[in-house]
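Novice: Handing you this structure, nothing more for now.
The values are calculated or read from the model by the stated rules, or taken from the named source; none is laboratory data. Everything quoted here is computed from the prediction, not taken from an experiment. Neighbour counts run over all protein chains shown; Cβ positions are idealised from the backbone, glycine included. Keep in mind that these areas ignore ligands, DNA and RNA; they rest on the heavy atoms of the full protein, side chains included. Shrake-Rupley method; radii C 1.70, N 1.55, O 1.52, S 1.80 Å.
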Amino acid sequence: MIEIDSITKRYGDTTVVDNVSMTIAPRTITVIVGTSGSGKTTLMRMINRLVEPTSGKILIDGEPNSAIPGYELRRRIGYAIQGHGLFPHRTVGENIATVPTLLGWEKSRIDAKVKELLTLFQLDPAAFGPRYPHELSGGQQQRVGVARALAAEPNILLMDEPFGALDPVIRAKAQEDLLAIQKHFGTTIVLVTHDMEEAFHLADKIAVMDKGRIVQYAAPEEMLVNPATDFVETLIGAGERPFRLLSIGSVGEATEAGEAEGEAIAAATSQRDALSALLWAGRDALPVVGADGTRLGRVTLAGLARRAARPQ
Amino acid sequence: MRLKIDKLGVVIAALLAYGAFLAPFAQFRANRIVPGEARSILEALPAGLGAALLAFVMISIILIVLKTPTIVRLVLGLVALLVLAVLIGLSAGHLTPPENTYARVSPASGFWLLSFAFALVTADALARLKLSPFARVALLAAVAGAIAALLMSGAWDGLSILKEYGSRAETFWLEASRHVVLALGSLAAATLVGLPLGILCHRVEALRAGVLNVLNIIQTIPSIALFGLLIAPLGWIALHVPGAQAHGIRGIGAAPAFVALFLYSLLPVVANTVVGLAGVPRDANDAARGIGMTDRQRLFGVELPLAFPVILTGIRIVLVQNIGLATIAALIGGGGFGVFVFQGIGQTAMDLVLLGAVPTVALAFAAAIVLDAATELSSNKPGRAA
Ligand SMILES: Nc1ncnc2c1ncn2[C@@H]1O[C@H](COP(=O)(O)OP(=O)(O)OP(=O)(O)O)[C@@H](O)[C@H]1O
Ligand SMILES: [Mg+2]
């Protein structure tokens, strides 16, 4: 659990983060959105004390984060920086191994971890491990940056626009992987993004920042139904609301009993994508299958339409 | 096939033609201080050999003027330099009357022009071949080996510079070692002090401008003036610090020379350390902190490795500069190759001046090649800030 208690950061006369308080529940994904320069990165960097607050405090699992030296705190908190921040003089493998090495892991364990993470992010360990960062594409570098943040299996993971440079296909895959990792390790994730679709898909809770303040901190559904300010409404995009609502849930949750013809949809797919598939196929219903391929039922146009309507 | 003309080749050919046909090849003097008499190639070399050399130069001119393959030019340059080196030794034997130990034979302007022209051809070819750092150092070693072999074989023993060497071989090696100790020792001291100072300047911005300005001012003090300035404080130390005198610390001699070289060396080391560290990508530094490196781990694991090529460039500047500057140490009794240079000037004996100057230049040249290779190797490592 991360408790942020009236934290403020000023640079000279400008207040970059203004009296922010929020509580981040353990094992959840919190997404911070907001315009450029609204203080997202600064807020995030105060959690791992890369930036020292002007006033206020942050508790991690009840302990003030100022209780231990900054570097020790940061070894426990994964951090994928905006950009990617890979070390240009170290190979991909060495980059990922940095924190485990600092923590004194055994070599065999480090090697196994590097391999596991590269594979997870669709990078062949044999081909990419020995390469230098400048020999990678921007998207590959970004994935390595995220892999490095995950290497020591931290309880808390801070990610600053981690998927910005990825193409839609790899991005969707990376998002699924992140959700899987989060479920598997029970990681508490704080993620900054400019992509509202991504925010609604990943978030348990969304924090909207504007000029250093949190203007709304709520679950995605709540935010759709009751945007706190005009700014939030504009950010969400009023015309997108039904579709945003659908991107929150997965097909699994919308599955009904019954049979249907056509190409099956995986239960993990978002309801929004299922709607697209239905419209494109020109059908009223499509079968739903689980991860193992078993038929779970069907998803219907009418069912999705009901879910896309403004909740009462 | 159309023959193409090489532009640089035309210039070099002109040098060669002038050096071979118009300028004197060797100089003969009845003793070491009288003015010399010029000897052309045909006079300076035994019959046949002189004509052969002229023919060789003419063929070379044709090969150099035309656009010949680079490798041909390289081999030509190297072979020509070797031929010249052997022939100048032969001319010494040829020109010196038998049993005469006073007569001196030295290379004259024609020899130097020819050598310079062929060295240009070689250097140009090497630059075009873009040799790897290892190959360049290997070539340097081969050339050094060839020179050593010529020296040991006695092929050059008749030349005036080696006669000067012959009469003071022991002093030569003593001064050589003092020269190297002065140049390398002051470099080592400057690195030991300058690196941490540079790191400090990088971290503490308030210090940076002040320190660099002071070091800049020191650089502008002429060496003689700096020696003068050092006499008083070092003399004081010699008098008042116990054991100082026993370690050779005095107002004049090696101590002020060492201190002066050290002071001159600080600026390039400190400045390049600061520039190198400032060039480390902000993202890399940020990530290093972000994933929990301590300041120390970040310095040694990220900043210094990335700044290393730039720091090495500073060290190269210092080393080459110090090898040259160490010559001045002789002025205040600090020893080194300068001893021969200044003695030679005093006695108007050019051969003695050369005995000091030639090894100094060769040493500086070799140091530059080796450190350039090292710098290139370190910045070639993928991703290093160049
Ligand atoms: N070290 C600093 N000194 C002074 N001002 C700073 C500093 N770091 C950030 N700022 C300012 O604080 C404000 C917020 O910066 P921050 O990086 O937190 O924004 P952000 O919301 O992450 O923006 P983006 O979406 O563009 O990444 C900006 O106006 C920025 O210029
Ligand atoms: Mg940011």
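Novice: Once whole DSSP H runs in chain A are found, which of them have Cα atoms spread over 24 Å or more along the helix axis and a mean Kyte-Doolittle score of at least -1.0?
Specialist: Helices meeting the span and hydropathy rule in chain A are A:168-185.
Novice: Sticking with this one: Averaged across the residues of A:81-93, what count of C-beta atoms belonging to other chains lies within 10 Å of each residue's C-beta?
Specialist: 6
Novice: Kindly sort B:240, B:202 by accessible area of their heavy atoms, largest first, with the probe set to 1.4 Å.
Specialist: Descending order: B:240, B:202.
Novice: Right, here's the next one. Mean-square fluctuation check for chain B, GNM, Cα pairs under 10 Å: which of B:88, B:328, B:237 is largest?
Specialist: Result: B:237 has the largest fluctuation of those listed.
Novice: Aspartates and glutamates within cross-link reach of residue B:7: Cα-Cα under 13 Å, excluding same-chain residues under 8 positions apart?
Specialist: Candidates past the 8-residue exclusion: B:124.
Novice: For the pairs A:40/A:113; A:40/A:211; A:9/A:211; B:4/B:130, note any where the Cα-Cα span goes beyond 20 Å.
Specialist: A:40/A:113; B:4/B:130
Novice: If you place +1 on the Cβ of every Lys and Arg, -1 on the Cβ of every Asp and Glu, and leave all else neutral, what size is the dipole of the protein assembly as shown about its Cα centre, to the nearest 20 Debye?
Specialist: Charge dipole of the protein assembly as shown: 1600 debye, to the nearest 20.
Novice: Order these peptides, A:4-15, A:43-54, B:58-69, by their mean beta-carbon neighbour count within 10 angstrom, highest first.
Specialist: So the peptides A:4-15, A:43-54, B:58-69, ranked by packing, come out A:43-54, B:58-69, A:4-15.
Novice: Rounded, prolate or oblate: pick one for the protein assembly as shown, where a ≥ b ≥ c are the square roots of the eigenvalues of its C-alpha gyration tensor, a/c under 1.5 means rounded, and failing that, prolate if a/b is larger than b/c, else oblate.
Specialist: Taking the square roots of the gyration eigenvalues as a ≥ b ≥ c, the protein assembly as shown is prolate.
Novice: Now for a separate question. Could you name every residue in segment B:291-312 that has 30 Å² or more less accessible surface in the full protein assembly than in its own chain alone (probe 1.4 Å, ligands and nucleic acids excluded)?
Specialist: Residues shielded by partner chains are B:291, B:292, B:293, B:294, B:297, B:301, B:306.
Novice: Shifting gears a bit: Please compute the net charge surrounding residue B:350, taking Lys and Arg as +1 and Asp and Glu as -1 over other residues with Cβ under 13 Å from its Cβ.
Specialist: Result for the neighbourhood of residue B:350: +2.
Novice: Per the helix-only calculation at 222 nm, which mean residue ellipticity applies to chain A, given -39500 (n - 2.57) for every DSSP H run of n ≥ 4 and division by its residues, nearest 500 deg cm²/dmol?
Specialist: Helix contribution divided over all residues of chain A: -11000 deg cm²/dmol.
Novice: Something else now. So if I take the centroid of the Cα atoms in segment A:63-88 and the same for segment A:144-181, what is the distance between those two points in Å?
Specialist: So the two Cα centres are separated by 16 Å.
Novice: Separate question: If a/c stays under 1.5 just call it rounded; otherwise compare a/b with b/c (prolate if a/b is bigger, oblate if not). Do that for chain A, with a ≥ b ≥ c from the square roots of the Cα gyration tensor eigenvalues.
Specialist: Verdict is oblate for chain A.
Novice: Mind jotting down a quarter of the surface of the convex hull over the alpha carbons of chain B, in square nanometres, one decimal?
Specialist: With the hull built on Cα positions only, its mean projection is 25.1 nm².
Novice: Could you work out, residue by residue across B:171-183, how many beta carbons of other chains sit within 10 Å of that residue's beta carbon, and then give the average as an integer?
Specialist: Neighbouring Cβ atoms belonging to other protein chains average 0 per residue here.
Novice: What lysines could a cross-link reach from residue A:115, if we take a straight Cα to Cα line under 19 Å and drop same-chain neighbours fewer than 8 places away?
Specialist: A:107, A:173
Novice: Which of the peptides B:138-145, A:95-102 is most tightly packed, and how do the rest follow, judged by the mean count of other Cβ atoms within 10 Å per residue?
Specialist: Taking the mean over residues of other Cβ atoms within 10 Å, the ranking is A:95-102, B:138-145.
Novice: Turning to a different aspect of this structure: Output the relative contact order of chain A, whole-number percent, from Cα pairs under 8 angstrom with separation of 6+ residues.
Specialist: Reported relative contact order: 18 percent.
Novice: What percent does the relative contact order of segment B:180-266 come to when contacts are Cα pairs within less than 8 Å and at least six residues apart?
Specialist: Rounded, it is 43 percent for segment B:180-266.
Novice: If you don't mind, there's one more thing I want to ask. Could you pull out every whole DSSP H run in chain B that spans at least 20 Å of Cα extent along its own axis and averages -1.0 or higher on the Kyte-Doolittle scale?
Specialist: Qualifying helices: B:49-65, B:70-95, B:109-129, B:133-153, B:169-203, B:205-220, B:223-240, B:254-278, B:304-325, B:350-380.
Novice: Summing -39500 (n - 2.57) over the DSSP H runs of n ≥ 4 in chain B and dividing by its residue number, what mean residue ellipticity at 222 nm do you reach, to the nearest 500 deg cm²/dmol?
Specialist: -24000 deg cm²/dmol
Novice: Return the percentage of antiparallel bridges among DSSP beta bridges fully within chain A, rounded to the nearest 5 %.
Specialist: 55 percent
Novice: Moving to a separate point now. Beta carbons within 10 angstrom, averaged per residue: use that to sort the peptides A:301-309, A:242-250, highest first.
Specialist: Taking the mean over residues of other Cβ atoms within 10 Å, the ranking is A:242-250, A:301-309.
Novice: Per residue of A:72-79, what is the mean number of Cβ atoms on other protein chains within 10 angstrom of that residue's Cβ?
Specialist: For peptide A:72-79, the averaged partner shielding equals 3.
Novice: Let me ask you something else. From Cα pairs below 8 angstrom and at least 6 apart in sequence, can you work out the relative contact order of chain B, rounded to a whole percent?
Specialist: 16 percent
Novice: Still on this model: Residues with beta-carbon under 13 Å from that of residue B:125, excluding residue B:125: net charge, scoring Lys, Arg +1 and Asp, Glu -1?
Specialist: +3
Novice: Given a 1.4 Å probe, how much area per residue of segment A:249-308 is accessible, in Å²?
Specialist: 56 Å²
Novice: What dipole magnitude, in Debye to the nearest 20, does segment A:68-148 give about its Cα centre under +1 on Lys/Arg Cβ and -1 on Asp/Glu Cβ?
Specialist: 180 debye
Novice: How large is the accessible surface of residue B:163 in square angstrom, using a 1.4 angstrom probe and rounding to the nearest 10?
Specialist: Residue B:163 has an accessible surface of roughly 50 Å² with all protein chains in place.
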